[in-house]
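A.B. asks: One structure coming up, written as C-alpha cells, with questions to follow.
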Amino acid sequence: LGYGLKKDTGDVRKTPAMFICRDLFAEGAKIHIYDPQVTRQQMWDEMGYTLGMSPEKTEGLDEAIVTESDAYTACDGAHAFATLTEWDEFKDLDFERIYKSMAKPAFVFDGRNILDHDKLRKIGFEVHAVGKPDPTKFSDL
C-alpha cells in the first residue's frame, strides 16, 4: 500500500517502494499497488529512469505489477500487504475486511510503523514492522 516517497505527494523519485517492487518481481511475485496520488505512468517513468526497468524492456513486468483503485482491491487474495507510504487513510482501513479477503496465513509488513500492530495480531495477521521485534517471538518484551 503506497508507492510514493512520502504521504500527501505524488513524488516517486528514489522511492523505496520501487526497489521493493523490483526485488519482488525478481522473485516471481504478482504485485498489486494502490497509492492515492501516484499514477501508473509515474511509476514506470521512475522505474525506467532509476532501475532501467520498463514494460517495454522488461519481459513480464506489465503483467506482474497491477495498479489498483483502492486498498481493498489491492489486498484481495494476497498473501501479504506492505505499507510503504504513510498515508493517513491506511490507518483507518477495515482490517477485518482485508484479513477475510486475503490468503492465509496473512502477513503485514509495516514499512512505516503507522499501523496498530496489536490490533492486527488480534485479527489474525502475522505482523512484521521495520525496527521492531515481534513480541510473539520474544518473552522479554
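The values are calculated or read from the model by the stated rules, or taken from the named source; none is laboratory data. Fair warning: this is a prediction, and the values are worked out from it, not measured in the lab. In this analysis, Cβ positions are derived from the backbone assuming ideal geometry, glycine residues included, and neighbour counts consider all displayed protein chains. Please note that ligands, DNA and RNA were not included when accessible areas were found on the heavy atoms of the full protein model with its side chains. Shrake-Rupley method; radii C 1.70, N 1.55, O 1.52, S 1.80 Å.
A.B. asks: Just to be sure before I move on: is Glu56 under 21 Å from Leu24 (Cβ atoms), touching a residue at least 12 places away in the same chain (Cβ under 8 Å), part of a loop (DSSP other than H, G, I, E, B) and open to solvent by 40 Å² or more (accessible area, probe 1.4 Å) in the structure I sent?
C.D. replies: no
A.B. asks: Would you call Ala82 of a type outside the set (Asp, Glu), in a loop (DSSP other than H, G, I, E, B) and within 25 Å of Lys132 (Cα to Cα)?
C.D. replies: Values: of a type outside the set (Asp, Glu): yes; in a loop (DSSP other than H, G, I, E, B): no; within 25 Å of Lys132 (Cα to Cα): yes.
No; evaluated as a whole, the condition is false for this residue.
A.B. asks: Filter region 31-53 for residues that are of a type in the set (D, E, K, R) and in a loop (DSSP other than H, G, I, E, B) and give the result. If you could, list the steps in order and put the result at the bottom.
C.D. replies: At the first step, the residues of region 31-53 found to be of a type in the set (D, E, K, R) are 35, 40, 45-46.
Across region 31-53, the qualifying residue is only Asp35.
A.B. asks: Further, regarding this structure: Which condition from (1) in a helix (DSSP H, G or I); (2) open to solvent by 20 Å² or more (accessible area, probe 1.4 Å) is the one that Ala17 breaks?
C.D. replies: (2)
A.B. asks: Still on this structure: Would you confirm whether or not region 22-30 contains a residue that is open to solvent by 70 Å² or more (accessible area, probe 1.4 Å), in a loop (DSSP other than H, G, I, E, B), modelled with pLDDT of 95 or more and touching a helix residue (DSSP H, G or I) at 6+ places or on another chain (Cβ under 8 Å)?
C.D. replies: Applying the first criterion (open to solvent by 70 Å² or more (accessible area, probe 1.4 Å)) to region 22-30 yields 22-24, 26-27, 30.
Imposing the further condition that a residue be in a loop (DSSP other than H, G, I, E, B) reduces the set to 27, 30.
From the residues that got through so far, the ones that are modelled with pLDDT of 95 or more too are 27, 30.
This time we only want the ones that are touching a helix residue (DSSP H, G or I) at 6+ places or on another chain (Cβ under 8 Å), so: 30.
Among the residues of region 22-30, at least one is open to solvent by 70 Å² or more (accessible area, probe 1.4 Å), in a loop (DSSP other than H, G, I, E, B), modelled with pLDDT of 95 or more and touching a helix residue (DSSP H, G or I) at 6+ places or on another chain (Cβ under 8 Å), which makes the answer yes.
A.B. asks: Additional query: Write out, first by first residue and then by second, each pair whose Cβ atoms fall under 6 Å of each other, whose residues are 6+ apart or on separate chains, and whose first residue, in region 116-135, is without any contact (Cβ under 8 Å) to a residue 24 or more places away in the chain while the second is open to solvent by less than 40 Å² (accessible area, probe 1.4 Å) and among the acidic types (Asp, Glu).
C.D. replies: Hits for this filter: Ala129/Asp110.
A.B. asks: Working only within region 9-40, note down all residues that are acidic (Asp, Glu) and without any contact (Cβ under 8 Å) to a residue 24 or more places away in the chain. Show your work before the answer.
C.D. replies: Here is the first cut: in region 9-40, the residues acidic (Asp, Glu) are 11, 23, 27, 35.
Correct list: Asp11, Asp23, Glu27.
A.B. asks: Any idea which residue in region 82-111 is least open to solvent (accessible area, probe 1.4 Å), counting only those that are touching a residue at least 40 places away in the same chain (Cβ under 8 Å) and in contact with a Ser or Thr (Cβ under 7 Å, 6 or more places away or on another chain)?
C.D. replies: Within region 82-111, the match that is least open to solvent (accessible area, probe 1.4 Å) is Phe90.
A.B. asks: Give the residues of region 116-141 that are modelled with pLDDT of 85 or more, more than 17 Å from Pro105 (Cβ to Cβ) and in a loop (DSSP other than H, G, I, E, B), sorted by residue number.
C.D. replies: Passing the criteria: Asp116, Val130.
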